[in-house]
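Notes for the one structure printed next.
The values are calculated or read from the model by the stated rules, or taken from the named source; none is laboratory data. Small disclaimer: the values here were computed from a predicted structure and weren't measured. Ideal geometry is used to build each Cβ from the backbone, glycine not excepted, and the neighbour counts take in all protein chains shown.
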Amino acid sequence: MNRLDPELLQRSFVKLTATFPKRLTSLYMSLRTGHAPLNKYLHCIGETVSPHCPHCQRTEETVHHFLLSCPFYQRERHILINALGRKASSISFLLTDPNATPHLVRYVNASGRLKTIFGEVPLPHKPPD
Ligand SMILES: [Zn+2]
């Protein structure tokens, strides 16, 4: 499990999302807070019966599970890892590094998992420097 430094994450997050389209910022916000519309969170707020991943029995569908470990998205994750290397297994890297953004967006779009909420998530207007 990656340990996240909240303050560092907050600062880099504000900088990172400065040039983001609104929908992309909402996606990042939800992934970062763990309030993404995945079953673990949806279960917490009474929106779904089970906190478990729709593809994995007895595994809670957390942001971590969705991004890093669910075998159902293996193909999409393989593309992400090809592009980013070992850093692709760090949630803080994925959510704070501008180099990760286009690949993370592609992963989320290709997974189709958050489509009902976020639709096709747009890429950043231009990479922040
Ligand atoms: Zn799963």
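Miscellaneous remarks
- Residue in region 92-111 that is basic (Lys, Arg) and within 14 Å of the chain's Cα centre (by Cα) present: yes
- When each of Ala110, Ala18 is tested for being modelled with pLDDT of 95 or more, under 27 Å from His125 (Cβ atoms) and either surrounded by fewer than 16 Cβ atoms within 10 Å (Cβ to Cβ) or away from the ligand (no atom under 14 Å from the Cβ) (or both), the lone residue that passes is Ala110.
- Considering residues of region 41-56 that are exposed (fewer than 15 other Cβ atoms within 10 Å of the Cβ) and more than 7 Å from the ligand (Cβ to nearest atom) only, the residue nearest to the chain's Cα centre (by Cα): Pro54
- Of all residues in region 76-85 being within 16 Å of the ligand (Cβ to nearest atom) and touching a residue at least 24 places away in the same chain (Cβ under 8 Å), the one that is farthest from Ser12 (Cα to Cα): Glu76
- Among the residues of region 37-64, those that are touching a residue at least 24 places away in the same chain (Cβ under 8 Å) and touching a Lys or Arg at 6+ places or on another chain (Cβ under 9 Å) comprise Pro37, Leu38, Thr62, Val63.
- Flag for Phe66 being within 18 Å of Ser92 (Cα to Cα), aromatic (Phe, Trp, Tyr), touching a Ser or Thr at 6+ places or on another chain (Cβ under 9 Å) and surrounded by 14 or more Cβ atoms within 10 Å (Cβ to Cβ): yes
Yes/no per residue for (1) more than 23 Å from Pro124 (Cβ to Cβ); (2) within 16 Å of the ligand (Cβ to nearest atom); (3) touching a Ser or Thr at 6+ places or on another chain (Cβ under 9 Å); (4) aromatic (Phe, Trp, Tyr):
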{"residue": "Leu24", "(1), (2), (3), (4)": "no, no, yes, no"}
{"residue": "Asn39", "(1), (2), (3), (4)": "yes, yes, yes, no"}
{"residue": "Arg58", "(1), (2), (3), (4)": "yes, yes, no, no"}
{"residue": "Lys87", "(1), (2), (3), (4)": "no, no, no, no"}
{"residue": "Pro102", "(1), (2), (3), (4)": "no, no, no, no"}
